Amino acid sequence: MFKYKEIIITLAAITALSLPVLVLAQTNTAGTIASDAPGNLTELVNRIIRIFNVLVPVLILITGAIFMSGFIWYLRAGGNEEKLKEGRMRIYMGFIGLFILFSFWGLANILVKSIFK
């Protein structure tokens, strides 16, 4: 019974976190990826940036859901040492994933702005 509640809570958290992505999906920010080959390096970099601007928020959403599910596991452990350990592991992995994604995104933006703009 508790397993289903955890799944429902996790799905509700993912749904709540993904609503902004669905709203942003109404605008065409990705462009046409399957169009002609880029003519120069700047067009290629701009195309890669558009792909990352769509991909990175989705990855942040996934790692944020892992992070939040870790808190749910930790709070619902009820003193069970294995569930506490699993919750801590999910929190750590989610935090590390978020840190890596934000660091990568920030460094990529700094490089692109300093080289191509």
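Structure summary
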| item | result |
| --- | --- |
| Single unsatisfied condition, I96 versus (1) surrounded by 16 or more Cβ atoms within 10 Å (Cβ to Cβ); (2) without any contact (Cβ under 8 Å) to a residue 24 or more places away in the chain; (3) of a type in the set (V, I, T) | (1) |
| Pair list, Cβ under 7 Å, 6 or more apart: region 68-86 residue more than 15 Å from K5 (Cβ to Cβ), other residue among the polar types (S, T, N, Q) and in a loop (DSSP other than H, G, I, E, B) | none |
| Residue count, region 57-91 (criterion: of a type in the set (S, T, Y) and under 15 Å from the mean Cα position of the chain (by Cα)) | 2 |
| Residues within region 83-117 that are within 23 Å of V54 (Cβ to Cβ), touching a helix residue (DSSP H, G or I) at 6+ places or on another chain (Cβ under 7 Å) and of a type outside the set (G, A, S), tallied | 5 |
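Read the figures in this text as sums done on the coordinates, not as results from a lab. Since we're looking at a predicted model, the values are computed, not measured. Because the Cβ atoms are built from the backbone with ideal geometry, glycine has one as well, and the counts that use them run over all protein chains shown.
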